[in-house]
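Nothing in this text is a laboratory measurement; each read-out follows from the coordinates by a stated rule. The structure presented is a predicted model; accordingly, all values stated were derived computationally and were not measured. As a convention, Cβ positions derive from the backbone with ideal geometry for all residues, glycine included, and neighbour counts pool all protein chains shown.
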């Protein structure tokens, strides 16, 4: 017997569209349909970057403020991005101390760039792991000054809780070291962070393939921020599209509910009525 899939009814299609519309990401009072954020570093050229942004369907784009040259005729990568299409998220990449991160955030605000800031405090030039103490101190100051604060952190559940308590608007634990493409090395810690979270959890750093992005979303992450895996792909736009689909699939799988993992086999067809 050949089983043919039934066509999707207009009612089913409407329900699917309604669920997608209702499942919005909310950060700092703003809502977004896409759960994929993109970085803007490491692209070979601006055309490849913009093609990737377009095919990813992302709405939030993060930019390192240290790449902005206020004296240059063409100031920065910001001139290559459509500000009307994307929400710009400045980051403090390059900051080695909390003081440097705070100064960078204040500069972004003074430029009229944004009140949103992704806080990165990274003193270690080899492994590029964030400094938990410097990150916490910078976030405490910036929250008090009214910034929408998105901290990049190690996958440390205790730190994630402390940051939420002082008022950060998300937590962004790393999957593995920045730009490493090692995937979800911190899965158990991220799972705990998600379980305890009262704010959105953004999987950040180390994702190298769409399967890894999907896995982060299956765990219950609210969003993923991806840069190197797309920028360094042979075809960044195609990889960005693949990441978009992976994020959507992982989110749907999370809502659908994974089957339990069993220590034994379980027949998919009932044994009653079999020919013996």
Taking 105-111, 261-267, 243-249 and ranking on average Cβ neighbours within 10 Å, highest first, one gets 243-249, 105-111, 261-267
By the C-alpha gyration tensor axes a ≥ b ≥ c (rounded if a/c is under 1.5, else prolate when a/b exceeds b/c, else oblate), the shape of the stretch 34-255 is oblate
Under the rule rounded for a/c under 1.5, else prolate if a/b exceeds b/c, else oblate, using alpha carbon gyration tensor axes a ≥ b ≥ c, the stretch 157-264 is classed as oblate
Check: C-alpha center the stretch 127-197 vs C-alpha center the stretch 229-243, spacing in Å is 25
For residue 165 and residue 267, extending 7 Å from Cα along the Cα-Cβ vector and measuring point to point gives, in nm, a value of 5.4
Longest principal axis of the chain (C-alpha) makes with the long axis of helix 132-144 (C-alpha) an angle, in degrees to the nearest 10, of 80
Percent antiparallel among DSSP beta bridges confined to the chain, nearest 5, equals 10
On each of the three principal axes the extent of the alpha-carbon atoms of the stretch 77-120, given in whole Å and largest first, is 32, 17, 14
Packing-ranked peptide list from 22-34, 53-65, highest mean Cβ count within 10 angstrom first, is 53-65, 22-34
Highest GNM mean-square fluctuation among 128, 225, 174, for the chain with Cα springs under 10 Å, belongs to 128
Put in order of increasing Cβ neighbours within 10 Å, starting from the fewest, 204, 131 give 131, 204
